[in-house]
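What follows is one structure encoded as structure tokens, with my remarks underneath.
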Amino acid sequence: MIYRERLRPHGGAYIALLLIIPAFATVFYKVSPVTGFIVGPVLFVLFAAISWLASPLITLASDRLTVGRASIPVAALGDPVVYRRGDAALEQIRGQLDMRAFVAFRGGVDLIRIPVIDPEDPTPYWLIGSRHADELAAEIRLAQAAQSLQTGPSELS
């Protein structure tokens, strides 16, 4: 495995999730104040754990990129382009997003657009988020170079 990253929710999501505690304390106060103050923190921990564990995993092996359950051979990918948080990243999401694209990202991270060069694949590109976008893009390029050295010129190009 060359690269591994889990797309965990932004820290602000957990802060917002903390609102579960006073919400349940308020709802259960009339029934039982103790229940409200127990159920709220338990649900917070449960929801935080679920969002932490259910976050998609990005893995790059020498021949394959996997994001969550989706996987694609490195040889089927073009040159990755990194878009920094902000206007360039928003433009990829709002104005130029192709509905056939594979998309996996969280807020507050840089985006990587990776064209799919396999003519048999209807997906035009992968748009994925990463907290280490430059590192991931560089590793993809290295994996592509190593793959082309092992197999010779790609039949997909």
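At-a-glance table
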{"item": "First in region 36-58 and within 29 Å of residue 103 (Cα to Cα), second anywhere and at pLDDT 90 or above and part of a helix (DSSP H, G or I), Cβ under 9 Å, 6 or more apart", "result": "58/136"}
{"item": "When residues of region 43-97 are limited to those that are among the β-branched types (Val, Ile, Thr) and more than 30 Å from residue 146 (Cα to Cα), the one surrounded by the fewest Cβ atoms within 10 Å (Cβ to Cβ)", "result": "50"}
{"item": "Residue check, residue 137 modelled with pLDDT of 95 or more, outside the structural domain of residue 16 (by TED's automatic domain parsing) and out of contact with any Asp or Glu (no Cβ under 8 Å at 6 or more places or on another chain)", "result": "yes"}
{"item": "Flag if residue 111 is at pLDDT below 95, under 29 Å from residue 149 (Cβ atoms) and either part of a strand (DSSP E or B) or more than 17 Å from the chain's Cα centre (by Cα) (or both)", "result": "yes"}
{"item": "Strands (runs of 3 or more DSSP E) wholly inside region 43-106 containing at least 3 residues that are at pLDDT below 90, within 23 Å of residue 141 (Cβ to Cβ) and in the same structural domain as residue 138 (by TED's automatic domain parsing)", "result": "none"}
{"item": "Pick from region 27-42, criterion part of a helix (DSSP H, G or I) and touching a helix residue (DSSP H, G or I) at 6+ places or on another chain (Cβ under 7 Å), ranking: surrounded by the most Cβ atoms within 10 Å (Cβ to Cβ)", "result": "40"}
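The values are calculated or read from the model by the stated rules, or taken from the named source; none is laboratory data. Bear in mind the structure is a predicted one, so any value in this text is a computation, not a measurement. Virtual Cβ from ideal backbone geometry, glycine too; neighbours counted across all protein chains shown.
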